[in-house]
């Protein structure tokens, strides 16, 4: 089980100052709020939703959990029997599930549009670094050069009939996009059950409506660099999904220089940022783009944000915050 990335902390209480029970009664039917916490994708996931009908709310949350499990069965590397695990073991997967195909097609689009800064075939590099850490060392340059030859998004063949990895030794990881996709799917499921107010945390965040205090959901980004001189910025929900990647937790060296986010072209972790948060129309896209922006130097961030039509909040290694908001 991997350590959970605590990328956000809630910046509001359950009920805000000056909000009375009378206000709730007069403005709308009283909402029942329920939560579901569950293990998924190797971490802890959290769903929180409100609806006037408790039974309808419980049914919606159960459907949301079932949707998460469906995504896991397709895309989780923590499940040796998942479709993705079988694809990696066999090099091909016949009659792939529509969800898996959809995610891989989004991944291919982001790869093509970012010159390969995001690459779903990074799993061999992750395995190399993880094995080296277990040995108390760093990978040799020779091992990195050899392993990088297995990273090639163009060699992933996609069709409704089959997914094929057309390079021997290739393996895929969707850890950089599947949790965002799960968040989008849960959002759709909840809405189809009449839920209009929810917080969906599958490792990446989607928000609906308002928080339990009838105010906008408000989030604060984790201080990944642990530099107390600058307060992390607050994000007020504006209808977009939110995804964060950081070097705070899954690391391969004590100084956090080497971590789970790697440049496919070099095999090393980019050195510009400690944390990247992307606000995008979909959580799938936001999740993938955090890795793209991690690889960009400061002067390229704003042009890239405009090109992708997203906003980005970044923290550099010294703890300084930069934002396009």
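Of note:
- The chain: angle of helix 98-113 to the longest principal axis, Cα-based, in degrees nearest 10: 70
- Helix 123-134 and the longest principal axis of the Cα set of the chain meet at an angle near 90°.
- Dimensions of the chain from C-alpha coordinates, computed as largest minus smallest value along each principal axis and given longest first, are 68, 50, 38 Å.
- Among 280, 295, 63: highest mean-square fluctuation, GNM of the chain, C-alpha pairs under 10 Å: 63
- Degrees between helix 54-75 axis and first principal axis of the chain (Cα, 0 to 90, nearest 10): 0
- Exposure proxy shown here: for 97, 247, the number of other Cβ atoms within 10 Å sets the order, fewest to most, as 97, 247.
- With all projection directions averaged, the alpha carbon convex hull of segment 187-325 covers 9.2 nm².
- Proxy reagent accessibility, fewest Cβ within 10 Å first, across 58, 35: 35, 58
- One chain, two ends: residue 94 and residue 59. Fully extended at 0.36 nm per residue, the span grows by 9.3 nm beyond their Cα-Cα distance.
- Label-reachable residues, segment 115-135, where backbone N falls under 18 Å from a point 7 Å from residue 253's Cα toward its Cβ: 125-135
- Within the chain, helix-based [θ] at 222 nm, where runs of 4 or more DSSP H residues each add -39,500 (n - 2.57), nearest 500: -10500 deg cm²/dmol
- Residue order, fewest to most surrounding Cβ atoms within 10 angstrom, among 221, 189: 189, 221
- Estimated translational D of segment 164-249 in µm²/s (Stokes, Kirkwood radius over Cα pairs; 37 °C; 0.692 mPa s): 215
No lab work stands behind these numbers, since they all come straight from the coordinates. Predicted model, so just to flag it, every value in this text is computed and none were measured. Backbone-built Cβ (ideal geometry, glycine too); neighbour counts: all protein chains shown.
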